[in-house]
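Working notes, structure below.
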Amino acid sequence: QVQLVESGGGLVQPGGSLRLSCAASGIIVAIYPMGWYRQAPGKQRELVATILNTGHTNYADSVKGRFTISRDNAKNTVYLQMNSLKPEDTAVYYCNGRKWAVDYWGQGTQVTVSS
């Protein structure tokens, strides 16, 4: 059974930083594609960043240069370091893992960027 548990969300001022964590079980983050998505109120869920088994990463244009996805294989955890946060980054952030063509999702963690 795959479980993804996000943590690290919260309220931060514009220009601030947060680090999200996704603790995985039932899926090995070093082997399967993992990613972060977000969904703002009234909008569709969108891709933020992905990391492949090779370590190759991909980012949405809106977060390039500000966000960094990484993983700790020993802890089986994926991270999203978010710097220079903007109000438009406000959303629920979801961890995603794809195992044997099946998408698994965490419960989401709220990130609010506001002064």
Residue separation between I28 and Q3 times 0.36 nm, minus their alpha-carbon distance, gives in nm 7.9 nm
Within 10 Å, count the other beta carbons around each residue, average over each peptide in 9-16, 44-51, and list them highest first. 44-51, 9-16
Taking every C-alpha to C-alpha distance in the range 1-87 and binning by 5 Å from 0, the per-bin percentages run 3, 14, 24, 26, 19, 10, 4, 0
Cβ-derived FRET efficiency at R0 30 Å, A40 paired with A101, nearest 0.05: 0.65
Per residue, how much accessible area does the chain have with a 1.4 Å probe, in Å²? 53 Å²
Show me the ranking of peptides 91-103, 55-67 by mean Cβ neighbours inside 10 Å, starting with the highest. 91-103, 55-67
Quick check for me: using +1 on Lys/Arg Cβ and -1 on Asp/Glu Cβ, what's the dipole size of the range 1-88 about its Cα centre, in debye to the nearest 20? 80 debye
Give the average over all directions of the projected area of the C-alpha convex hull of the range 45-98, one decimal, in nm². 4.2 nm²
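The values are calculated or read from the model by the stated rules, or taken from the named source; none is laboratory data. As the structure is a computational prediction, the values presented were derived from the model and not from experiment. Reconstructed Cβ throughout: ideal geometry from the backbone, glycine too, with neighbour counts over all protein chains shown. Heavy atoms of the whole protein, side chains included, go into the accessibility calculation; ligands, DNA and RNA do not. Shrake-Rupley method; radii C 1.70, N 1.55, O 1.52, S 1.80 Å.
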